[in-house]
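My questions will all concern the structure given below.
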Amino acid sequence: MLIRVKRGWEMSEREATPEAVYRDRRRLLQGMVATPLILGMGSVLSACDDNVAEAGDAVLVAAADPKPDPSAGLYPVTHNLRYKLDRPVTDEELATTYNNFYEFGSSKNIHRAAQQLPIRPWMVRFDGLVEQPFEMGVDELLAKMPLEERLYRHRCVEAWSMAVPWSGFGLRQLVEFAKPLSGAKYLKMTTLHDPDVMRGQRASWYPWPYVEGLTIEEATNELAFIATGLYGKPIPRQNGAPLRLVTPWKYGFKCIKSVVAFEFTDKRPVGFWEELQGSEYGFWANVNPEVAHPRWSQATEQVLGSDERVPTQLYNGYGEFVADLYADKQNERLFM
Ligand SMILES: Nc1nc2c(c(=O)[nH]1)N[C@H]1C(S)=C(S)[C@@H](COP(=O)(O)O)O[C@H]1N2
Ligand SMILES: [Mo]
């Protein structure tokens, strides 16, 4: 059951100037009274039935949010024009109501449950192979980092994709700030563990907490980004507030949400999905249309908000930035 599906070609004006248009849209949305109009103005829904009821509700959830994000005054931030899209920006309603965040459940429809995530106080730990381990509150960290906005494509290993404006800072800046020792080869990141609010963490067959890792070379590549905002506002809880990794050339499961710890190490970290099912999800997880997942093809992807599939691109189209990282690793399982 679908309410309304727009095709990519109906959105050409947004493709032309995506950032200007989504800002206008947002202004429009803010001036509107909640609900029926929101659906009416072209909320774009995927083929998944259980999402149909959700797009309108998202507005109510935002209004009922008990604690507004104290970092709201930082946004919007300067837009970095270096990173271009080849497709329309995904509708905000869709990108914030169709989520993967297993701490709140295994369906895509977790955005309401995720409003329970306590995003302040939020302490971040920097440890392992660093000059001096330390902890810092997220607002202090935000004040030290150079915030900017970037448009990136996002490709989930499940073969759906979106394109969104993240705000945040380069992971490279955070790495430099942490002062790793020369022996640090990898950066391991860990999500908050709080089964009282993250009910999914009560499911004992998952290896909680969620962790992910990158090599230091990957973490200091210019594309690696820590998102603290989305659509010119603080990043919503369901998208990984208050700190979420974004590595647009890799499958989405690498983009760990709600990070509380950055640990520098000389041992390759085993990620949540790799631990669970290493034959299907590995450490590198670079996007490649020619390397199928054991249970499905990766050749094409479903663009959220459109009923069309488009060809998937090697490194999700970011090869010019990252292909060099892997030149000497051709015997590794780079694309899974
Ligand atoms: N902590 C944590 N991070 C996570 C996940 C998760 O379940 N838990 N899911 C990952 C997957 S599979 C994807 S595709 C993206 C989804 O991000 P989005 O909901 O903002 O689109 O988050 C990633 N980060
Ligand atoms: Mo994903």
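Measure out, as a whole number of angstrom, how far apart the alpha-carbon centroids of the range 287-326 and the range 164-219 sit.
About 23 Å separates the Cα centre of the range 287-326 from the one of the range 164-219.
Right, another one. Find out how many positive minus negative residues lie around PRO195, taking Lys and Arg as positive, Asp and Glu as negative, among other residues whose Cβ is under 13 Å from that of PRO195. Don't skip to the end; give the middle numbers.
Working: positive: ARG199, ARG202; negative: GLU103, ASP194, ASP196.
Surrounding charge for PRO195 is -1.
Additional query: Which number do you get for Rg(Cα) / (2.2 N^0.38 Å) in the range 240-312? Each step should come with its number before you reach the end.
Values: Rg = 14.4 Å, N = 73, 2.2 N^0.38 = 11.2 Å.
For the range 240-312, the normalised Cα radius of gyration is 1.28.
Given a Förster distance of 25 Å, report the FRET efficiency between GLN132 and ARG268 from their Cβ-Cβ distance, rounded to the nearest 0.05. Mind dumping the intermediate values first?
Working: r = 24 Å, r/R0 = 0.96.
So the FRET efficiency works out to roughly 0.55.
What is the percent carbon and sulfur in the accessible area of the range 206-297, measuring with a 1.4 Å probe over the protein chains and ignoring ligands? Each step should come with its number before you reach the end.
On the way: 1190 of 2490 Å².
Carbon plus sulfur share of accessible area: 48 percent.
Using packing as a proxy for protection, rank 283-292, 212-221, 227-236 so that the peptide with the highest average count of other Cβ atoms within 10 Å comes first. Please list the in-between numbers first.
On the way: 283-292: 18.8, 212-221: 20.7, 227-236: 24.1.
With the highest mean Cβ count within 10 Å placed first, the list reads 227-236, 212-221, 283-292.
Next question. For the range 145-293, what does the accessible surface come to per residue with a 1.4 Å probe? Please give it in Å².
Working: 4440 Å² over 149 residues.
I get 30 Å² per residue for this part.
Sum up the charges of everything whose Cβ sits under 15 Å from the Cβ of LYS329, counting Lys and Arg as +1 and Asp and Glu as -1, but leave LYS329 out. Kindly include the intermediate steps, with their values, before the conclusion.
Values: positive: LYS185, LYS250, ARG268, ARG333; negative: GLU217, GLU218, ASP324, ASP328, GLU332.
Computed value for this residue: -1.
Let me ask something else about it. Ignoring ligands, DNA and RNA, please state the percent of accessible area on the range 142-181 from carbon and sulfur, probe 1.4 Å. Don't skip to the end; give the middle numbers.
On the way: 570 of 1150 Å².
That fraction is 50 percent.
Same structure again: May I ask you to list the trypsin sites (Lys or Arg not before Pro) in the range 147-229 that are in a DSSP loop and have at most 16 other Cβ atoms within 10 Å of their Cβ?
On the way: sites: ARG150, ARG153, ARG155, ARG172, LYS185, LYS188, ARG199, ARG202; in loops: LYS185.
Answer by residue number: LYS185.
Compute the FRET efficiency between ASP328 and ARG199 as 1/(1 + (r/R0)^6), taking r as their Cβ-Cβ distance and R0 = 56 Å, and round to the nearest 0.05.
Values: r = 43 Å, r/R0 = 0.77.
So the FRET efficiency works out to roughly 0.80.
Is there a pair in LYS67/LYS254; LYS144/LYS188; LYS108/LYS188; LYS84/LYS233; LYS108/LYS144 whose C-alpha atoms are over 24 Å apart, and which pairs would that be? All intermediate terms of the calculation are to be shown ahead of the outcome.
Details: LYS67/LYS254 28 Å; LYS144/LYS188 21 Å; LYS108/LYS188 26 Å; LYS84/LYS233 20 Å; LYS108/LYS144 34 Å.
Table pairs above 24 Å Cα-Cα are LYS67/LYS254; LYS108/LYS188; LYS108/LYS144.
What is the local net charge at ALA113, summed over the other residues whose Cβ is closer than 10 Å to its Cβ (Lys, Arg +1; Asp, Glu -1)? Present the calculation step by step, with values, prior to reporting the outcome.
Working: positive: ARG112, ARG199, ARG237; negative: GLU103.
Residues close to ALA113 contribute a combined charge of +2.
The values are calculated or read from the model by the stated rules, or taken from the named source; none is laboratory data. Computed from a predicted structure; not experimentally measured. All Cβ positions, even for glycine, are placed from backbone atoms using ideal geometry, and neighbour counts span all protein chains on display. Keep in mind that these areas ignore ligands, DNA and RNA; they rest on the heavy atoms of the full protein, side chains included. Shrake-Rupley method; radii C 1.70, N 1.55, O 1.52, S 1.80 Å.
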